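Here's the structure, in structure tokens; my notes come after.
Rule-based calculations on the coordinates, nothing more; no lab input. Because the structure is a prediction, the values reported are computed rather than measured. Positions of Cβ are backbone-derived with ideal geometry, glycine not excepted, and every protein chain shown enters the neighbour counts.
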Amino acid sequence: MSTTMPTSRQRRLRTWAFWAVPVLLLLTPLATNAYTQFIINGMLISILVTLGFTLVIGNLGQLAFANTAFFGIGAYASAILSAKLGLPWIMTIPLAGALGALGGFLASSAALRGIRSYYLAIITLAFGELMRWAYLHTKPLTGGTDGLPLPRETMFGISLSDDTLKFYIFLAVTVVLVKATLNLLRSRFGRAVMAVRENEVATASLAIPTARVILTTFIWSGFVVGCAGALFARHVGHVFPESFGMLHLIASFAMVLVGGLGSVLGAVLGAVVLTALPEYLRAFPGMEELFFGLIVAAVLVAMPLGLASLLRRLSPIFVERYYREES
Amino acid sequence: MTELLHVNGLSVRFSGLTALDDVSFTLQEGAVRAVIGPNGAGKSTLFNAISGYVTPTSGTVHLKGQELTKLTPHEIAEQGVRRTFQNGGLFPELTVLENVLTGLHAQIEGSFLDILLGRSKALKSEAENIHRARELLKLMSMDHMADTRAGDLSGGQQRIVEIVRTVASDPPVLLLDEPAVGLSPVARAQMMEIIHRLAGEKGVGILLIEHAVELVMAAADRILVMAAGARIAEGTPEEIREDRAVLEAYLGHS
Ligand SMILES: Nc1ncnc2c1ncn2[C@@H]1O[C@H](COP(=O)(O)OP(=O)(O)O)[C@@H](O)[C@H]1O
Ligand SMILES: [Mg+2]
């Protein structure tokens, strides 16, 4: 059973397709109303959240659930830096990413002390709950239960409450981070990440510093999700502790699985589909959660490898590999 | 011939059990040294101690005069002592090509930032090493399998890909833990041919754990016989064949 690999022509097509998606998306503000734009902006954030999550649990294979903690850290960092220090919001994005990365570093230190599988799961869940407790109990900084509003701000003379402006910024950040992550995965680094998942002992025998690979993956995951947190802070305009609880974690986990564990394409598909789905389910008031759960379950039963596996079967251009052939 | 590996008084104790008991030997460039002995003799433990996976209780390992004993597994591999695993160490979800590329990890240039930003330095080195990996697969007539998932290969093919991956970086020393176990006679012969070529043409010093006595006698320059963690005999295949202690401890049983 040999995998069908994309030919060089198909690889060029894939490169085109990759860039065509964001370019076409540039036009969406022309065709959408404010509400739809708001939903699409949320999708872009979910793509980054899911991407960071799938890197750790899918590619690296570590049962770490600190993803929502990274997200909250990024969101609060952005809100606090904007509201308390008066930093322009756009500058808080990399800083939120850096603090998310610090969260990733902390989470990885558990894995590197040999805490793995269920133990890593529970300790990273505790990390998330600890962060939520911190948001609630540092009222002067975070506003506690009242949350923290972001200050009014303009960019290029346009208010940052404008969803079209936000869309262009979110899209730029998402494209840059997805592309950078693909660069990482399609390199010796991506292979090392996969190798650690497959056989950590054998990985070390190939002169691959496994501890550094684990550390770096968590840090990059934290960075991506921390940046997403900064986008989220501006997206909703007001951060509350409840946004960063178990519900968010479970929703992100569902996006990872529905898209396909350890797949960048899957992260995008899972985030887009599961962000859009509740909007369609509004037609069934009172049944939304039930239908949502049933649909997620049905997708996972029919396609255990997620929506990305469906596309892979349609065309080799969707096959994701961990090296980069010149096209 | 230069001396590559120098193992001196190596011992490993696991809470009471002496798995490796004061073992010493050297390995020369281009030499094949077999390590034989019954199950539980401590052969794999010897490999684990040399490659840094278990910490020796006492003794030292040197590669070309440089001490390896306190290094971690990936550092020892980087110094040029590479190994395979008794139970197979391939990454089943990666393709054959990707598996071989993991063996070239330390050879590929470019920092994390170079990779992240897709800088040409990293891309160029990646391309060169992909080319190299394909060439290595071609040498073993495995190039048509490059895009196959490693987990889908036959047992014999997996062993060969694991060796290609392990020698991809041209290490001076290679430790093979039962590379021919479970192989068909044809695949075994191919494996022995590969071992001969690596030692004879590339000058790799090879430590080989192997159960099949006739293969060992044919492939090895020198043989180290172990039982209960200790060395019970050492010599050329002819000498070992005549050795009474060996006959009693090992060959007598098989
Ligand atoms: N990590 C370990 N912890 C405890 N005992 C071990 C460990 N590794 C090997 N042993 C024991 O050491 C002895 C030698 O094992 P091993 O080196 O695998 O033998 P061989 O490869 O010659 O069959 C056996 O009794 C084995 O059970
Ligand atoms: Mg063994």
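Over all projection directions, the Cα-based convex hull of region A:141-228 averages an area of 8.8 nm². For residue B:204, the residues whose amide H sits under 5 Å from its own are B:30, B:199, ignoring neighbours fewer than 5 places away on the same chain, with H placed 1.01 Å from N. Across chain B, Cα-Cα pairs more than 33 Å apart make up 21 percent of the total. Computed over chain B, the per-residue total of -39500 (n - 2.57) for DSSP H runs of n ≥ 4 gives a 222 nm mean residue ellipticity of -11000 deg cm²/dmol, rounded to 500. Annotation note: trypsin sites (Lys or Arg not before Pro) in region A:92-151 located in DSSP loop regions with a Cβ neighbour count of at most 16 within 10 Å are A:113, A:116.
Less than 15 Å Cβ to Cβ from residue A:89, Lys/Arg counted +1 and Asp/Glu -1: what total charge do the surrounding residues give? Residues close to residue A:89 contribute a combined charge of +1.
Relative to the longest principal axis of the Cα atoms of chain B, the long axis of helix B:120-139 makes an angle of roughly 50 degrees. The radius of gyration of the Cα set in region B:91-152, together with its Dmax, comes out at 12.5, 36 angstrom. When chain B is treated as a GNM with alpha-carbon contacts under 10 Å, the residue of B:77, B:220, B:187 showing the greatest mean-square fluctuation is B:187.
Net charge near residue B:60, counting Lys/Arg +1 and Asp/Glu -1 over other residues with Cβ under 15 Å of its Cβ? Net charge around residue B:60: -1. Taking all C-alpha pairs of region B:1-84, those more than 20 Å from each other amount to 29 percent.
Each pair of Cα atoms in the protein assembly as shown enters the Kirkwood radius, and Stokes-Einstein at 25 °C and 0.890 mPa s then converts it into a translational diffusion coefficient of 94 µm²/s.
Size descriptors for chain A: radius of gyration and Dmax over Cα atoms are 19.6, 61 Å. Put the Cα centre of region B:96-138 next to the Cα centre of region B:1-80 and the gap is 30 Å. Between region A:251-327 and region A:58-132, the alpha-carbon centres lie 24 Å apart. Where does helix B:155-167 land angle-wise versus the long Cα axis of chain B, in degrees 0 to 90, nearest 10? The two axes meet at around 80 degrees. Electrostatic bookkeeping for residue A:190 treats Lys and Arg as +1 and Asp and Glu as -1; over the other residues with beta carbon under 13 Å from its beta carbon, the sum is +1.
From least to most packed, judged by other beta carbons within 10 angstrom and beginning with the fewest, B:149, B:134 follow the order B:134, B:149.
Note on chain A: with a GNM built from Cα contacts shorter than 10 Å, the maximum mean-square fluctuation among A:302, A:66, A:267 falls on A:302. The GluC sites (Glu not before Pro) of region A:284-327 that meet both conditions, a loop assignment by DSSP and at most 13 other Cβ atoms within 10 Å of the site Cβ, are A:326.
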